[in-house]
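Each remark here refers to the structure printed beneath this line.
The values are calculated or read from the model by the stated rules, or taken from the named source; none is laboratory data. Quick caveat, the model's predicted, so the values are computed rather than measured. Here the Cβ is made from the backbone with ideal geometry for all residues, glycine too, and neighbour counts use every protein chain on show. Keep in mind that these areas ignore ligands, DNA and RNA; they rest on the heavy atoms of the full protein, side chains included. Shrake-Rupley method; radii C 1.70, N 1.55, O 1.52, S 1.80 Å.
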Amino acid sequence: MRERSAIVLDAGKEYLAESRLAPVARGLGLSTLGELVSRLRSEPRGSLSSRVVEAMTTNETSFFRDLNPFDALRTTILPQLIQARAKERTLNLWCAASSSGQEPYTIAMVLREHFPQLLEWRVRFIATDISTEMLRRCREGIYSQLEINRGLPARYLVKYFEKRGTEWQIHKPLRDMVEFVELNLAGHWPALPQCDVVFIRNVLIYFNLETKRDIVGRVRKLLRPDGCMFLGGAETTLNVDEGFRREAADKTFVYRLAR
Amino acid sequence: MRALVVDDSRAMRLILKQILRELQFEVFEAAHGLEALERLKQTGCVDLALVDWNMPEMKGIDLVTEVRKLSDYSAMKIMMVTTETEMEQVQRALSAGADEYVMKPFTKDVILEKLGVLGLSAP
Ligand SMILES: C[S@@+](CC[C@H](N)C(=O)[O-])C[C@H]1O[C@@H](n2cnc3c(N)ncnc32)[C@H](O)[C@@H]1O
């Protein structure tokens, strides 16, 4: 670890390594951290070690992370979908790799703030992560001062949060908008509805090409024909899945089914 | 772009100044609200003001209220940067005319992301 990333693990920080590396091990189909370590020893400079480093450094997330995807959702993607679904009035959203919940709750705030008409629709919003601890945090919706400082516009803080001691909790109506479900992207997925919008950002970086292909392919089958997928800034379907095309949306890109 | 940093702590002004300079801002300073009003008379409207709450002479919240009475500075984005962390204070700052609110302590990313929210730079 130290060689690759300059991260030094103090004694007593083992739980940290365990919680961060368990997803990587499971993602590779290894059942214990021990197996991961022996793999790592046999190929200390390979792509596995960079994934381990990545995992150790990032559970990283923030409200309105990168900003542009949420602007695109507001200005372009949702208005189009709301028009296209005006008759059936249903919308399915999926946020894969929700981490501690900032991303799904950002989407929930955008929905509440700018599309109040959706209150009359059947909206299913599912957020998933591999980590039980992260899902617990999602359901609880409690954030530290540093977390609410990051990227969250002050008027949203005032409107959608309550102060609890030194921390801040997102309002219950927003928490109730999202179903949180445990899901290992690299494993078997529980039943999911056909989706209109999929956020799967800053998680494909954990996987090798083969696993990426498998995951992106399964997302493709889940997307409705006019649905779209959001990836992280450093991620792409290029050379991963030719069934997608990249399309400009506001100041960013979304991925749609290639025709 | 140009920014005004208003804080009675010299160390805090320095930290904020450094972050803003890296983003190519030209930075002016004031140690309290009254000095900030004086400085603004010289500089004219700046793009951004970072304003502490608790300062001698004139508090940040009063500065915000005063500045928002003056149409000359209506284009200026105001961000409170303060140790005040109660919901009532955030609400009060927003209704006085502040555009954003940062609670101390903060990291550089916090400032960058908030500037993104204000449309003042890529986050
Ligand atoms: C860097 S965070 C990204 C959070 C959020 N999507 C964002 O962009 O801010 C990565 C998340 O992916 C989750 N993760 C890692 N491996 C996973 C897997 N195999 N299946 C599902 N989630 C996984 C981690 O638990 C972590 O919460």
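For the pair B and A, the buried accessible area comes to roughly 1500 Å² in total, with a 1.4 Å probe and the value rounded to the nearest 100.
Model label sites at A:Arg218 and A:Gln83, defined 7 Å from Cα along the beta-carbon direction, differ in position by 3.4 nm.
Ligands, DNA and RNA left out, the 1.4 Å accessible surface of the protein assembly as shown is 50% carbon and sulfur atoms.
Computed over protein heavy atoms with a 1.4 Å probe, the accessible surface of chain B works out to 45 Å² per residue. Taking a ≥ b ≥ c as the square roots of the eigenvalues of the alpha carbon gyration tensor, chain A is oblate, as a/c is not under 1.5 and a/b does not beat b/c.
Here's the list of aspartates and glutamates a cross-link from A:Lys251 could span, going by alpha-carbon distance under 18 Å and ignoring same-chain residues fewer than 8 apart: A:Asp66, A:Asp71, A:Glu235, B:Glu113.
Stretching the chain fully between A:Lys159 and A:Ala248 yields a gain of 28.9 nm (0.36 nm per residue, less the alpha carbon separation).
Accessible area per residue for the stretch A:29-186, computed on protein heavy atoms with a 1.4 Å probe, is 43 Å².
Under the rule a/c < 1.5 gives rounded, and otherwise a/b versus b/c splits prolate from oblate, where does the stretch B:60-107 land using the Cα gyration tensor? Prolate shape, in that a/c is at least 1.5 and a/b is the bigger ratio.
Apply the a/c threshold of 1.5 to the C-alpha gyration tensor of the stretch A:163-259 and tell me whether it is rounded, prolate or oblate. Prolate shape, in that a/c is at least 1.5 and a/b is the bigger ratio.
In the stretch A:146-190, comparing the full protein assembly with the chain on its own, the residues that lose 20 Å² or more of accessible surface at a 1.4 Å probe are A:Leu146, A:Asn149, A:Arg150, A:Gly151, A:Pro153, A:Ala154, A:Leu157, A:Val158, A:Lys163, A:Trp168. In this structure the amide hydrogen of A:Val178, modeled in the peptide plane, comes within under 5 Å of no amide hydrogen from residues 5 or more places off or on another chain.
Charging the Cβ of each Asp and Glu at -1 and of each Lys and Arg at +1, and nothing else, the dipole of the stretch A:108-259 about its Cα centre rounds to 240 debye.
Once R0 is set to 51 Å, what does the formula 1/(1 + (r/R0)^6) return for the Cβ-Cβ distance between B:Asp72 and A:Glu182, expressed as a FRET efficiency to the nearest 0.05? Efficiency at R0 = 51 Å is approximately 0.35. Rounded to the nearest 20, the Cβ-based charge dipole of the stretch B:66-123 about its Cα centre (Lys and Arg +1, Asp and Glu -1) stands at 120 debye.
Each of A:Met109, A:Asn208, A:Tyr160 was placed along the dipole of the protein assembly as shown (beta-carbon charges, centred on the mean Cα), and the one lying farthest toward the positive end is A:Asn208. Per residue of chain B, the DSSP helices (runs of n ≥ 4 H) give a summed -39500 (n - 2.57) that works out to -12500 deg cm²/dmol at 222 nm. The alpha carbon centroids of the stretch A:145-196 and the stretch B:86-123 are separated by 20 Å. Based on C-alpha pairs under 8 angstrom that are at least 6 apart in sequence, chain B has a relative contact order of 20 percent. Taken about its Cα centre, chain A carries a charge dipole of about 460 debye when Lys and Arg each add +1 at the Cβ and Asp and Glu each add -1 at the Cβ.
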